[in-house]
Amino acid sequence: MSFSFNFDVQIEATSQSDESSDVTQNEGQNGKPKCAAKPEKAVSSSPAEPVKEAVEHLLPVEPHSLLEDAVSETITIGALPPLHFLNESVFERTAGEREDGESILSRTAAQRSDLISGVYEGGLKVWECTYDLLELVDREGETFAGKRVLDLGCGAGLLGIVALKRGARLVHFQDYNSTVIEQLTLPNVLINCHEGEGDVEESEGEDDDKKGSEKRTREENDREVEEEKRAGREKKGDGKVEEKTENSPPPPKKRALEPSKDSKLSRCRFFSGDWRTYLPLVLGEDPSPKYDIIFTSETIYNTAYYPALHDTIQGLLAQEGLVYLATKAHYFGVGGGLHLFETFVEQRGVFCVEHLWDMDEGLQRHVVALRFNTIKSP
């Protein structure tokens, strides 16, 4: 899937973002000069959109209703558990039938755009760098057991979902658009919330793989026994289906999607809105969340967003936490990219940046880690 924007974006200047865009050359961490091109200028006749207020999205009374007529696809990367998500082509064809209070589905279709700055920030597509980050997680063998995870700018939510299926204590999903959360992220999480092969539950000192294997075996046996009971209970000699009593268990699919205190779904929360309003919303909680791992993929394409992104990460990352950032070296037509973001981060002096994976051929892509700088005592 190629990454392209079919529109012009006006870079909104702020006192903080001007500092990063005015830098044309800076000494990198390796001592070599690092050039950072100024953002490309583009003209837009559209007025600036108001700041989108952050809100938390609660599950509907009947969560399984979100999956009616859903068509999903599955990807498997290395040893990661299978990830299920709504088929993108089917989603686009059925966009007109979906609830969309923001009207982004119709606007993106009419303008044939993958992104409308300040209106729709691209969350309905799974971009290439998300897969790069999933492959890195697979290579590193991270299980996320007991960790607190934030999928920032989550879109389809695949990064948060893999953490959830590998034992994270809690996973929070955030995207700019409420339509993305309600029509894509939530259904994708629901699809993956039944106990599936490859899932790992939280453990305290036990071997996660062994525990997960034993758990799957018990569940497979339980399912077989239940199916045999249902077959014998429902089928009569005359071919009629026996009427269900009010004590009969609900169908397996619906039962798996009903949240309980032990379910994966109960570990999840969902938010939408601008980062400038999302941060104070969650910091207003007592206690406010601090995340061990923050995932963010393809979120640094616009330099005007750097201050809000940086502040959000700084405010929500645990002291020993880690940010995984997947990105392209440069986003043509928008102006952002890794080199400009690295310069911005270096100027702030809060985080150190470590390159974890680089692809220097063709459309250059990278995965980097951000950690708090350690302050040495004199």
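The values are calculated or read from the model by the stated rules, or taken from the named source; none is laboratory data. This structure is a prediction, so every number in the text was calculated from the model and none was measured. Backbone-built Cβ (ideal geometry, glycine too); neighbour counts: all protein chains shown. For the accessible areas, the whole protein counts, side chains as well, though only heavy atoms, and no ligand, DNA or RNA atoms are used. Shrake-Rupley method; radii C 1.70, N 1.55, O 1.52, S 1.80 Å.
One decimal place: the segment VAL61-ARG371 gains 107.7 nm when fully extended, by the rule 0.36 nm per residue minus the C-alpha distance. Taking amide H atoms as placed 1.01 Å from N in the peptide plane, the amide H of HIS330 lies under 5 Å from those of LEU338, each 5 or more residues away in sequence or on another chain. Database remark: amide H of PHE351 closer than 5 angstrom to the amide H of ASN373 (H placed geometrically; neighbours at sequence offset of 5 or more, or on other chains; Pro and chain starts carry no H). Each of ILE77 and ARG107 was given a label point 7 Å from its Cα along the Cα-to-Cβ line. The distance between the two points is 3.0 nm. Divide the volume of the convex hull around the Cα atoms of the range 66-155 by the residue count and you get 138 Å³ per residue.
Given R0 = 51 Å, the distance between the Cβ atoms of ASN87 and ASP358 translates into a calculated FRET efficiency of 0.95.
Across the range 114-127, rounded Karplus estimates of 3J(HN,Hα) from the backbone phi angles (6.51 cos²θ - 1.76 cosθ + 1.60, θ = phi - 60°) give 8, 6, 10, 4, x, 10, 9, 10, x, x, 7, 10, 9, 8 Hz, Gly and Pro being marked x. The apolar share of the surface of the range 325-378, taken as the fraction of accessible area on carbon and sulfur atoms (1.4 Å probe, ligands and nucleic acids excluded), comes to 55 percent. A simple packing score, the average count of other Cβ atoms within 10 Å per residue, orders the peptides 74-85, 57-68 as 74-85, 57-68, with the highest score first. Under 5 Å between amide hydrogens, built in the peptide plane, is the criterion, and for LEU317 it picks out TYR291 among residues at least 5 positions away or on other chains.
Based only on the alpha carbon positions, what is the Kirkwood hydrodynamic radius of the range 52-110, in angstrom? Radius from the Kirkwood sum: 14.1 Å. Subtracting the Cα-Cα distance of ALA318 and SER288 from 0.36 nm times their residue separation leaves 9.7 nm of extension gain. Its relative contact order, with pairs defined as Cα atoms under 8 Å and 6+ residues apart, puts the range 271-378 at 25 percent.
A protection proxy built from the mean count of other Cβ atoms within 10 Å ranks the segments 132-144, 346-358, 303-315, most packed first, as 303-315, 132-144, 346-358.
Placing R0 at 35 angstrom, the Cβ-Cβ distance between ASP138 and THR94 gives a FRET efficiency of 0.65 after rounding to 0.05.
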